Amino acid sequence: MSHGSLRQPDDVDRIREEWGSLHPEFETEVIELTGRILRSAAVITRAGDDFLARYELTRGEFDLLSALRRADGPRSPGELRTISLASGSATTKRLKALEQRRLVRRSPNPVDGRGAFIQLTADGRDLIDRVFPELLARERELFRALPEAERPAAVDALRALVLALGQTTE
């Protein structure tokens, strides 16, 4: 079994070997990718969630604030849902929570009265401008374990995977 340039066995190797012993007829190679991606995502998510909780934010709320901060103007809830890869109901719930905290403001769409536009308030802009660089620093710290020379190949492989799988959850 190849372990790439890191060569040190991990829990995913053990899991694959256990399945191989239990059911040698199963093709378990995909566990090499899926298991490591899911485990990496769990570690990154946990660290991010713990940090964001200090600001009473969830990752989903942070993603919406970030999307609004990057935007050159108000966004519709549908645009935000597409950008954040969240379901319509999750986006609505998050926007309501952010609106209650006065971090975003909802205004009617002047073209379509049934629709709405969402924009950051000054408090929302200040919060995301304070939180984002701190989150980047924490995430950078997580990746210190990956040798710098190996990062470009990891980025390229993950980009290829995201493109192959499709960029949205729809």
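Results for (1) over 28 Å from ALA137 (Cβ atoms); (2) at pLDDT 95 or above; (3) not assigned by TED's automatic domain parsing to the domain that holds ARG105, shown as yes or no for each residue.
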site: GLU18; (1), (2), (3): yes, yes, yes
site: THR28; (1), (2), (3): yes, no, yes
site: GLU32; (1), (2), (3): yes, no, yes
site: PHE62; (1), (2), (3): no, yes, no
site: GLY78; (1), (2), (3): yes, no, no
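Would you check if ALA67 is under 26 Å from VAL104 (Cβ atoms) and in contact with a helix residue (DSSP H, G or I) (Cβ under 6 Å, 6 or more places away or on another chain)? So ALA67 fits the description; yes.
The rows are residues; the columns are (1) over 18 Å from the mean Cα position of the chain (by Cα); (2) in the same structural domain as GLU79 (by TED's automatic domain parsing).
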site: ILE118; (1), (2): yes, yes
site: THR121; (1), (2): yes, yes
site: ASP126; (1), (2): yes, yes
site: ARG130; (1), (2): yes, yes
site: LEU136; (1), (2): no, yes
site: ALA154; (1), (2): no, no
site: ARG159; (1), (2): no, no
site: VAL162; (1), (2): no, no
site: LEU165; (1), (2): no, no
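Quick check on PRO9: is it without any contact (Cβ under 8 Å) to a residue 40 or more places away in the chain, in contact with a His (Cβ under 8 Å, 6 or more places away or on another chain) and not basic (Lys, Arg)? Considered against the rule, which asks whether it is without any contact (Cβ under 8 Å) to a residue 40 or more places away in the chain, in contact with a His (Cβ under 8 Å, 6 or more places away or on another chain) and not basic (Lys, Arg), PRO9 comes out as yes.
The values are calculated or read from the model by the stated rules, or taken from the named source; none is laboratory data. Just so you know, these numbers come straight off a predicted model, no measurement behind them. With ideal geometry, Cβ positions are generated from the backbone for all residues, glycine too; neighbour counts draw on all protein chains shown.
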